[in-house]
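Written below as structure tokens is the structure these notes are about.
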Amino acid sequence: MKSNENGRLGESIAAEFYEVNGYTVIEKNYRSGHNEIDIIARKSNHIVFAEVKTRTKSPSLEKFGSAKSAVDRYKQKHLLDAALEYMYNTKSAAGLRPRMDVVEVYLTKEGRLLKLNYIRNAFGIRSDNR
């Protein structure tokens, strides 16, 4: 599978993960200028901005490292900027508690799910609220 196909598949798997866990997916691939948020989801009084990173079990996994390692400070800043713009411009987001998640999706070379690693509140204050 090609990289962009893997990415789309990983985002679909992550969106399904959120829905199965009681979230409503509000947006996919939200764009704010050059920034993009893969998934925006809501559950009760929380709004989640999720970055999805997909890797295959192949030489690329060794070459590029873990999926979460790709969400460095530079990427975090861009995600936060896009999330802030969304919160500011979307009336239905008023009063919701924002959170930034990272979802790592690991696939076989054939595109089957090997593992999903959900990192809740990946670069924020830790909390037990869901």
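What to note about this one:
- Just one of the numbered conditions (1) part of a loop (DSSP other than H, G, I, E, B); (2) modelled with pLDDT of 85 or more is not true of Ser66: (2).
- Annotation: Asn117 fulfils all but one of (1) under 14 Å from the mean Cα position of the chain (by Cα); (2) under 15 Å from Val48 (Cα atoms); (3) at pLDDT 90 or above; (4) outside any helix (DSSP H, G or I); the unmet one is (2).
- Residue check, Ile26 in contact with an Asp or Glu (Cβ under 6 Å, 6 or more places away or on another chain), of a type outside the set (Asp, Glu), at pLDDT 90 or above and surrounded by 12 or more Cβ atoms within 10 Å (Cβ to Cβ): no
- For region 83-116, a residue qualifies if it is on the phi > 0 side of the Ramachandran plot and surrounded by 10 or more Cβ atoms within 10 Å (Cβ to Cβ), and exactly one does: Gly111.
- The set of residues in region 91-121 that are hydrophobic (A, V, I, L, M, F, W, C) and closer than 20 Å to Ile37 by Cα comprises Ala93, Ala94, Leu96, Met100, Val102, Val103, Val105, Leu116, Ile119.
- Looking only at region 29-48, residues that are of a type outside the set (D, E, K, R) and loosely packed, with under 15 Cβ neighbours inside 10 Å come to 5 in all.
- Answer from Tyr74, Tyr88 - the residue that is modelled with pLDDT under 90 and over 15 Å from the mean Cα position of the chain (by Cα): Tyr74
- Residues satisfying the stated conditions in region 20-57, i.e. under 19 Å from Leu114 (Cα atoms) and outside any loop (DSSP other than H, G, I, E, B): Val20, Glu51, Val52, Lys53, Thr54, Arg55, Thr56
- Region 1-20 - residue that is without any contact (Cβ under 8 Å) to a residue 40 or more places away in the chain and under 11 Å from the mean Cα position of the chain (by Cα) and, of those, surrounded by the most Cβ atoms within 10 Å (Cβ to Cβ): Tyr18
- Test: residue in region 10-21 that is touching a Phe, Trp or Tyr at 6+ places or on another chain (Cβ under 9 Å), acidic (Asp, Glu) and at pLDDT 95 or above: no
The values are calculated or read from the model by the stated rules, or taken from the named source; none is laboratory data. Note that the structure is predicted; figures quoted are calculated from it, not measured. Cβ atoms come from the backbone with ideal geometry, glycine included; neighbour counts cover every protein chain shown.
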